[in-house]
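Data block below; observations after.
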Amino acid sequence: MSKAKQWTLMIPGMALLVLILAAMPLVIKAGDGGSAIQLAWSQGAEAFKGYFAGIGDGATFRFYMGSNQYLFWDRIGYYFKTSLLYVTSGALLGTAIGIFAGLYFAISKRGWIKSIIDFLGSLPDFVFILLMQFGIVWMASKTGVVLFEVATLTSDDPAIALPLIAMIVIPANYMIRSVAMQMRLTLTEDYIRNAKARGLSRTYIVFYHALPNVLPFVKGDLHKLMGIIMGNLFITEYLFNNKGVTMLIFTNAFGDAVYQYNVVVNGLLSFLVLYGIGYGLLRLFIFGLRKVFVR
Amino acid sequence: MGKTLIAGIILSSLMLLIAVFGPLFAPHGPKDQVKIEYVVVEGGDSYVYAPPISPGKDGYPLGTDKDGYDILTKLLYGARYTILLSLGIAAARLAAGGLIGMLLGYFGKPTSKKSSGSSVWSVLNGIPTFLIVWLVMLGITMNPAASPIAMSLLLAGVLTLLGIPSIASTVREKTIVLRERQFVTAAEALGAGRWKVIGSHLLPHLKEAFLILLLQEVILVLSLFGQLALFHIFVGGTTEYFDPIEYHSRTNEWGGLIGQARGSFYANQWIFYSPLCAYVLLLISLHLLSKGLEKRYNRMFSNFSHL
């Protein structure tokens, strides 16, 4: 299959997947009389049809927040911008820090930093965020200095720094570990020994012999990295109460106690767009790195 | 054996003991509750004795929650869901994914492209698992009629299914590398059947990788438990109370205890931090175990850096 063909198949495929996934809460229900689940296919199909029928008269793009009705297009801009900031900075800075710190850790002899990074990497994202918040609160209660805001209480005064740190550190950590591992494997190769025997400097070998051979693995890992970033986006926005796309989905999934299929689908589609933008930027970044270091 | 490995083994077996025999050590019953009392002391002073009781007071080593239940007891009763269930899910994922991966790797055609970076499967890798589980469980998790065990098994089934593809692809890659090795060719030349090759040549070589994969999967499952709990989807179902809306875990699974106590972030912090500490301790012990094993295997098998 050619690449263009793959992409043209993939985009409608992903949209369809979103439509199906969003119908899950309607289809999978608690069963009557003690049975765990029952499947209500008809409800899912109805919501599915309703979504397309509503595109014409705009019903698809109206949703309830509490008991007030809103237009999706009016609200999404603000939410999207917030998430975009987190996703792009998490993707780019996380990868940049990850690659270069990973190179450093692959050749450094300092074991304890590596152990700390490894350990932080095994902690789930939400534990990391909770510990950061706890640290700030603890410091504030001991010294009275509030370093960063712990959560967004009003939308005029959003917490920005701490969520950004969380969004950058967690993917960076994954990247560091993955690059360091690939780098260590690459450094055992014979061409590295050959380069060393020719008297090339350490820095030169690392950047011009080893790094170009690590970059393909980084490229192959980008989807997984984006998965981590996007999963992290959910947790970060939720724990800091920031108004981003994922919070739009969570807070409005049940508007007025009824499951709002439309807003979940629209939210998830915007989420996919975010994913695409983040992924595209990363590919560009890797392309740039290859231009510099591969000859 | 390295120090990391020893520490990991000791801590992990301790956790396993707690999971199996936890309720035997519980200082209180799971239903014992501190009730609000109005106490009059000699001399006419009086005070209201009400939960939450802070840690260390009146025989509650970790304190009680807002409803007056002992937190240590809750943790000990919930441990089996957290530890045994995550272990079970990881093992099921590994068994199914490992088998599929080995079969695909051994019988499948070698792919011409080295790693197709933009194939549909790798994009699916990018969808957070937790989002899918959230959508699947959203309709059934609140006040379910089914028993906590049935609900836990249901969640376990969903989590197992979603975890199989990633393991299968990891194992497949490893199998493809092994398949090219000379001992496989030799075995085939000597007339070994395909299943014989898988059973006595591939599996023994993947044994170490499987063990480490198992531990990492346990950690992944545990983090999923926690993430889901933040959004009020608890292992074994969620009891939702109205007026005011409160979410309670039916099984006292540790992630659930963290999730339901998020309101105690600023005040009565022990309600929140006790389960969080237990959960992090569990992660630390698993991490140490997996790192220790990795180091040991590296010493046994790996090449060394030239720089």
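The values are calculated or read from the model by the stated rules, or taken from the named source; none is laboratory data. It should be emphasised that the depicted structure is a prediction, and the values quoted were computed from it without experimental measurement. Neighbour counts are summed over all protein chains in view; Cβ atoms, including those assigned to glycine, are modelled from backbone coordinates with ideal geometry. Areas reflect the complete protein model, heavy atoms only, side chains present, ligands, DNA and RNA absent. Shrake-Rupley method; radii C 1.70, N 1.55, O 1.52, S 1.80 Å.
Brief remarks on what is shown
- When the criteria are applied in full, B:G101 fails the requirement of being over 17 Å from the mean Cα position of the chain (by Cα), open to solvent by less than 30 Å² (accessible area, probe 1.4 Å) and free of Cβ contacts under 8 Å to residues at least 60 places away in the same chain.
- Restricting A:A159, A:A91, A:A151, A:A101 to those that are over 18 Å from the mean Cα position of the chain (by Cα) and either at pLDDT 80 or above or open to solvent by 40 Å² or more (accessible area, probe 1.4 Å) (or both) reduces the list to A:A101.
- Evaluated against (1) exposed (fewer than 15 other Cβ atoms within 10 Å of the Cβ); (2) more than 32 Å from the chain's Cα centre (by Cα); (3) without any contact (Cβ under 8 Å) to a residue 12 or more places away in the chain, A:K196 falls short on exactly one condition, (1).
- Among the residues listed as B:L288, B:L283, B:L276, B:L293, the single one being within 11 Å of chain A (Cβ to nearest Cβ), crowded, with 18+ Cβ neighbours inside 10 Å and over 20 Å from B:L228 (Cβ atoms): B:L288
- Taken together, the residues in region A:200-219 that are open to solvent by less than 10 Å² (accessible area, probe 1.4 Å) and either in a loop (DSSP other than H, G, I, E, B) or facing chain B (nearest Cβ under 8 Å) (or both) amount to 2.
- Spans of helices (runs of 4 or more DSSP H) in region A:125-199 with at least 3 residues touching a Leu at 6+ places or on another chain (Cβ under 7 Å): A:125-143, A:161-186
- The number of residues in region B:239-259 being surrounded by 24 or more Cβ atoms within 10 Å (Cβ to Cβ) and either of a type in the set (K, R) or not in a loop (DSSP other than H, G, I, E, B) (or both) comes to 7.
- Here B:A95 fulfils each of the conditions (1) in contact (Cβ under 8 Å) with a residue 12 or more places away in the chain; (2) in a helix (DSSP H, G or I) apart from (1).
- If you go through region A:226-269 and keep only what is assigned to a helix (DSSP H, G or I), open to solvent by 10 Å² or more (accessible area, probe 1.4 Å) and within 16 Å of A:L85 (Cβ to Cβ), you end up with just A:M247.
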